[in-house]
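Novice: Below you will find the structure I want to go over with you.
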Amino acid sequence: MNWGNGIVLVFVVFVAIMATMVTICMKQDDLHLVIENYYEEEIKYQEHIDKVSNSLESSKEAMSFDAQAKMLDLNLPVGAKGELHLFRPSDARMDKKIDVNIKDTEVNTVDLNSLSPGYWRVKLSWERDGVGFFEEKKIDL
């Protein structure tokens, strides 16, 4: 074994490893985008910025999470309508959307026991009197 054979052997092994990695990457079918229609959502981003600024101007938080009971309390006024998006960054198949319609001030909790353990982003967008609001909370179950 001399230097020339060693260099050729290293190059051959490197090319074999790279070809294997490219082949494995090309065969993957289980890719999940964070958002399916990314470009359409990007255009709507200014509306989102307005909703976030409206939420920051309000005096109280719209959501509070109880980690012990795995319950999410919604502190919204009566008449508020919107959507609660339970977003799992690691797997888009686990995402859930729940419609929110506040008719009573006493029943404003969401049970999160059915969700699998891990990192979640809870996104609440709602509207009251024609004004849009948005709040996001990061939770670990």
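Novice: Please list, in order along segment 16-29, the HN-Hα scalar couplings obtained from phi with the Karplus expression 6.51 cos²θ - 1.76 cosθ + 1.60 (θ = phi - 60°), rounded to whole Hz, x for Gly and Pro.
Specialist: Coupling constants for segment 16-29: 5, 5, 5, 5, 5, 5, 5, 5, 5, 5, 6, 8, 6, 10 Hz.
Novice: How big is segment 1-111 by Rg and Dmax over its Cα atoms, in Å?
Specialist: Reported Rg and Dmax, both Å: 25.3, 83.
Novice: Report the FRET efficiency, 1/(1 + (r/R0)^6), for Tyr119 and Gln28, where r is their Cβ-Cβ distance and R0 is 22 Å, rounded to 0.05.
Specialist: Calculated transfer efficiency: 0.45.
Novice: What do you reckon, how do Phe65, Phe14 stack up by accessible area (1.4 Å probe), largest on top?
Specialist: In descending accessible area the options line up as Phe14, Phe65.
Novice: I've got another one for you. Starting from the Cα of Val13, step 7 Å along the direction of its Cβ; do the same at Asp50; then give the gap between the two resulting points in nm.
Specialist: Label at Val13, label at Asp50, 6.2 nm between them.
Novice: Given a 1.4 Å probe and every protein chain left where it sits, what share in percent of the accessible area of the chain is carbon and sulfur?
Specialist: 56
Novice: With an 8 Å Cα cut-off and a minimum separation of 6 or more residues, compute the relative contact order for the chain in percent.
Specialist: 22
Novice: Also, quick follow-up: Please check which bits of segment 84-115 a label hung off Glu36 would reach, taking the label as a point 7 Å along Cα-to-C-beta and the cut-off as backbone N under 14 Å.
Specialist: 92-97
Novice: Another question, then. Provide the solvent-accessible area of Ile24, counting protein heavy atoms only and rolling a 1.4 Å probe, rounded to the nearest 10 Å².
Specialist: 100
Novice: Can you check how the C-alpha radius of gyration of segment 86-141 compares to 2.2 N^0.38 Å, as a plain ratio?
Specialist: Ratio of Rg to 2.2 N^0.38 Å for segment 86-141: 1.26.
Novice: I would also like to ask the following. When only alpha-carbon atoms are used, what values of Rg and Dmax, in angstrom, describe segment 48-141?
Specialist: Here Rg and the maximum Cα pair distance are 13.0, 36 Å.
Novice: Based on C-alpha coordinates, I'd like the Rg and Dmax of segment 34-97, in Å.
Specialist: Reported Rg and Dmax, both Å: 14.4, 39.
Novice: On to the next question. Which whole-number value in Å² is the accessible area per residue of segment 62-131, probe 1.4 Å?
Specialist: For segment 62-131, the per-residue accessible area is 57 Å².
Novice: Just want the answer: with Cβ charges of +1 for Lys and Arg and -1 for Asp and Glu, which residue in Ser114, Gln68, Gln28 is farthest toward the dipole's positive end in the chain?
Specialist: Result: Gln28, furthest along the dipole toward the positive end.
Novice: Report, in listed order, any pair from Lys60/Lys123; Lys27/Lys70; Lys103/Lys138 with a Cα-Cα distance greater than 28 Å.
Specialist: Lys27/Lys70
Novice: What does the accessible area per residue of segment 1-54 come to in Å², with a 1.4 Å probe and no ligands, DNA or RNA counted?
Specialist: So segment 1-54 comes to 97 Å² accessible per residue, rounded to a whole number.
The values are calculated or read from the model by the stated rules, or taken from the named source; none is laboratory data. This structure is a prediction, so every number in the text was calculated from the model and none was measured. As a convention, Cβ positions derive from the backbone with ideal geometry for all residues, glycine included, and neighbour counts pool all protein chains shown. Heads up: the accessible areas ignore ligands, DNA and RNA and are worked out on the full protein's heavy atoms, side chains in. Shrake-Rupley method; radii C 1.70, N 1.55, O 1.52, S 1.80 Å.
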